[in-house]
1. Would you pick out the residues in the range 30-75 that are under 23 Å from HIS139 (Cα atoms) and more than 14 Å from the chain's Cα centre (by Cα)?
2. I'd like the residue in the range 145-167 that is of a type outside the set (Val, Ile, Thr) and under 21 Å from VAL181 (Cβ atoms) and, out of all such residues, is surrounded by the fewest Cβ atoms within 10 Å (Cβ to Cβ).
3. For residues that are surrounded by 13 or more Cβ atoms within 10 Å (Cβ to Cβ), among the hydrophobic types (A, V, I, L, M, F, W, C) and either part of a strand (DSSP E or B) or at pLDDT below 95 (or both), tally how many sit in the range 33-65.
4. Might you check whether a residue that is within 19 Å of THR177 (Cα to Cα), out of contact with any Ser or Thr (no Cβ under 6 Å at 6 or more places or on another chain) and touching a residue at least 40 places away in the same chain (Cβ under 8 Å) occurs anywhere in the range 92-107?
5. Can you name every residue in the range 96-113 that is charged (D, E, K, R) and either touching a Gly at 6+ places or on another chain (Cβ under 6 Å) or exposed (fewer than 10 other Cβ atoms within 10 Å of the Cβ) (or both)?
Amino acid sequence: MKPALILILLLLLTLVSSQTFHWGPCPTPMVQPDFDLNKYLGKWYEIEKLPASFERGTCIEDNYSLRPDKTIKILHAQKVKGKVRTVEGTAIVQDLKEPAKLGVSFSYFTPYSPYWVLSTDYNTVALVYSCTDILRLFHVDYAWILARTRSLPVETIYHAKEIFSRNNIDVSKMVPTDHRVCDVGP
């Protein structure tokens, strides 16, 4: 391997050190069939996730709403050191034939990242996955178990993790989101 390529790989590994990465390309999980975006809109609370450098707070939640231009507004909120921090993002349906495969961006300067809804009943739980290939040598995983309430029964979380695992997504490093002191919402 050329020294320049090794240096690039080492830099990339440093950038993703707080992320979950695996060798090889991203898996291609099945997504929610007949996904209905309108039923998905509204508030979702993060129950568990694979570690992500941009989500280090507590009381993490997202509120999805449709804009007049048919893009989806995402209001992401979390408490960091006792203060509510919010950021607004945009999601788009990238292919009308697969509406459960959304693209998400939180900056005008970044491309849309995958946001795939693998499973949801729209009223209780949703399983979301995102993956980025790095030179097809390794990939960075993101996975979330979301709920319409700040908690889920243990059995529901266990079943959610089984669905990820059946889709070749390693969720062994998932961590719960702290919702113990969330009396002041964003």
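1. MET30, GLN32
2. So in the range 145-167, the residues of a type outside the set (Val, Ile, Thr) come out as 146-148, 150-153, 155, 158-162, 164-167.
Still in the list and also under 21 Å from VAL181 (Cβ atoms): 146-148, 150-152.
Numbers: LEU146: 25, ALA147: 23, ARG148: 15, ARG150: 15, SER151: 13, LEU152: 20.
This residue is SER151.
3. Counting residues in the range 33-65 that are surrounded by 13 or more Cβ atoms within 10 Å (Cβ to Cβ), among the hydrophobic types (A, V, I, L, M, F, W, C) and either part of a strand (DSSP E or B) or at pLDDT below 95 (or both) gives 6.
4. So in the range 92-107, the residues within 19 Å of THR177 (Cα to Cα) come out as none.
So far as the range 92-107 goes, no, none of its residues is within 19 Å of THR177 (Cα to Cα), out of contact with any Ser or Thr (no Cβ under 6 Å at 6 or more places or on another chain) and touching a residue at least 40 places away in the same chain (Cβ under 8 Å).
5. Start the filter on the range 96-113 by keeping residues that are charged (D, E, K, R), which leaves 97-98, 101.
Across the range 96-113, the qualifying residue is only LYS97.
The values are calculated or read from the model by the stated rules, or taken from the named source; none is laboratory data. Nothing here was measured: the structure is a model prediction, and the numbers come from that model. Here Cβ is always computed from backbone atoms with ideal geometry, including for glycine, and neighbour counts include all displayed protein chains.
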